[in-house]
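Down below is the structure, laid out as structure tokens.
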Amino acid sequence: MRSYQTAVNRALGLGSAKNGFIAWWRQRVSAVLLIPLLLWLGVFVALLAGADHATAHAWIANPINSVLMISTLAVLLFHTAVGVQVIIEDYVETEGLKAASILLVHFGCFLLTIAGSLAVVRIALGS
């Protein structure tokens with residue numbers, strides 16, 4: 001089958017949308033990063049089941065757990081933003097609505113990352 005891509009586009013992995021590979025790669029990298037982070041979170045949430053508030057607070061206040069919790073939030077919301085962007089690009093036909101929707105999704109995920117991170121920091125600092 002004849003390819004209509006230029007040699008440069010084939011080398012860069014650029015398809016007709018010009019950025020499909022980048023979104024695909026971001027999804028895969030963030031998914032791989034999420035595997036150990038979500039396993040860590042799941043194990044500790046299961047271990048903390050039935051624990052009192054002070055125990056859970058002390059667990060999140062641990063610096064390693066705080067960093068891992070913020071990392072989990074950031075990677076999870078990044079993964080979400082990239083995935084929803086791909087869905088919007090595939091199914092929304094109006095260019096203005098597409099751009100506004102993508103911007104809204106990225107902004108929302110960014111705000112959720114900031115809010116979650118601030119919550120973890122406040123707990124870790126004891127305020």
### Query
Excluding ligands, DNA and RNA, what is the solvent-accessible area per residue of the chain at a probe of 1.4 Å, expressed in Å²?
69 Å²
### Protection-proxy order for peptides 100-113, 40-53, 73-86, each taking the mean of Cβ atoms within 10 Å per residue, highest first
73-86, 100-113, 40-53
### Query
In segment 23-39, which residues have a backbone nitrogen under 15 Å from the label point lying 7 Å from Val67's Cα in the Cα-to-Cβ direction?
37
### Query
In nm, to one decimal, how far is the His53 label point from the His106 one, both placed 7 Å along Cα→Cβ?
4.0 nm
### Query
Around Val92, which amide H atoms from residues at least 5 apart in sequence, or from another chain, sit under 5 Å from its own amide H, with H modelled in the peptide plane?
none
#### Entry: Stretch in the chain that is longest and holds no trypsin sites (Lys or Arg not before Pro) that DSSP places in a loop and that have at most 11 other beta carbons within 10 Å
19-127
### Query
Rounded to the nearest 0.05, what FRET efficiency do Ile35 and Glu93 have when you use their Cβ-Cβ distance and R0 = 35 Å?
0.50
### Summary
In the chain the accessible area split gives carbon plus sulfur, as whole percent at 1.4 Å, a share of 73 percent
### Query
Pick the calculated Cα Rg over 2.2 N^0.38 Å for this structure from (i) 1.17; (ii) 1.41; (iii) 1.06?
(ii)
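The values are calculated or read from the model by the stated rules, or taken from the named source; none is laboratory data. Quantities reported herein were computed from a predicted structural model and do not represent experimental measurements. Heads up, the Cβs are rebuilt from the backbone with ideal geometry, glycines too, and the neighbour counts pull from every protein chain shown. Side chains are part of the model used for accessible areas, which takes the heavy atoms of the whole protein and leaves out ligands, DNA and RNA. Shrake-Rupley method; radii C 1.70, N 1.55, O 1.52, S 1.80 Å.
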